[in-house]
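Asks: Handing you this structure, nothing more for now.
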Amino acid sequence: MEENKKDIEKMHELKQAYKEPEMSGEQLARMKERMEEAKMEKRDKKKENQNKKKENRNKKNRVLRNTAAAAAAAAIVFVALPNTSESVAYAMSSIPVVGKLVEAVTFRDYKYESERNNADIEVPELTVNETGETAGTEQLTEGTEQAAGNPGVQENLKKTTEEINAEIQKITDEIVAEFEENLKSEGGYQSVVVKHEVLSTTENYFTLKLICYQGAGSGAEWNYFYTIDLATGERLSLKDLFADGTDYITPISENIKEQMKEQMDADENVIYWLDDEDIPEWNFEKITDETSFYLNDDGNVVICFNEGDVAPMYMGCVEFVIPAEVLEGIRK
């Protein structure tokens, strides 16, 4: 009896260690490598875009002559704010790629680098193409072109993007404020990264992912997802994807459990909090209406969990693509 008790206590300690966001030296090194890769990726992407623009200029001279004035005007929209302290830079830019109904542009950059403290924060802002006009060879799809010309949809899009932008601004302002408050402390290390990614931009949906990482002796990554229905201009919640009165929580949750079991059976290094009799309060039971999600380019629902939500911290942020057949008959 006493041995069983000790075993349970030991297991509890091990699992607690899994769940606590402790970062080893090796993990910290990997995180820094990830930051450098992100910077390189950004530079490579910028260079790639420059090469594409040059190629387009050679091939599409006639089109570019018609849009040169607009492109030049857009390129001038850049405001640099004074540094608030050494190695800190704020910048604002608003140069959307015209031709899509909703775009994500980098609204502000916050960077700081010292021996003990590093921050690389990109604050995105959503913009709306109000006219539906395109530049270059890029064209709106039939569905988004109709939405672009619909005053009701345009009004909803403006409201939705303003709400999302305000939410992102609040999140990033808090991260910056916490980072700067920690700068006052002479000891310790901290690294903060905020990036964004457009996960899908189809005829029907637009999804933005805000990626946040914070490390200070321990580290954690978490994400925010923003999906807009381009047909209505409104932000989507999970329940909006399903017919009224249908139970979508159960089939999605059961499918996630199946995927968890399959992954654990296939790889002993994969662990999820599932069917644990010793500490049942950690077990994943079901999703909620507030669980993060997005729709991939195939239209499948993807359920997302942050670090430590359903698995040990080393598993990172995990996602589960729900097969279309699982939701057949209940999707709108």
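Read-outs throughout are calculated quantities, based only on the coordinates presented, and are distinct from any laboratory measurement. In this text, all values refer to a predicted model and were calculated from it rather than measured experimentally. Using ideal geometry, Cβ is built from the backbone for each residue, glycine included, and neighbour counts are taken over all protein chains shown.
Asks: Count, please, the residues in segment 211-229 that happen to be out of contact with any Phe, Trp or Tyr (no Cβ under 6 Å at 6 or more places or on another chain) and under 21 Å from ASN296 (Cβ atoms).
Replies: Selection size over segment 211-229: 6.
Asks: Could you check segment 293-332 and list, in sequence order, the residues that are hydrophobic (A, V, I, L, M, F, W, C) and in a helix (DSSP H, G or I)?
Replies: Once the filter is applied, which keeps residues that are hydrophobic (A, V, I, L, M, F, W, C) and in a helix (DSSP H, G or I), segment 293-332 yields MET313, MET315, ALA324, VAL326, LEU327.
Asks: Which count do you get for residues in segment 250-292 that are closer than 18 Å to GLY316 by Cα, β-branched (Val, Ile, Thr) and not in a loop (DSSP other than H, G, I, E, B)?
Replies: 1
Asks: A further question follows. Suppose we filter segment 200-219 for residues that are closer than 18 Å to LYS158 by Cα and in a strand (DSSP E or B); how many remain?
Replies: Final tally of qualifying residues: 5.
Asks: For the condition in contact with a Leu (Cβ under 9 Å, 6 or more places away or on another chain), in contact (Cβ under 8 Å) with a residue 12 or more places away in the chain and over 18 Å from VAL123 (Cβ atoms), what is the one hit in GLU203, GLU197?
Replies: Among GLU203, GLU197, only GLU203 is in contact with a Leu (Cβ under 9 Å, 6 or more places away or on another chain), in contact (Cβ under 8 Å) with a residue 12 or more places away in the chain and over 18 Å from VAL123 (Cβ atoms).
Asks: Specify which of the listed residues (GLU197, GLU167, GLU186, GLU181) is assigned to a loop (DSSP other than H, G, I, E, B) and either under 24 Å from SER237 (Cα atoms) or not β-branched (Val, Ile, Thr) (or both).
Replies: After ruling out the rest, the residue left standing is GLU186.
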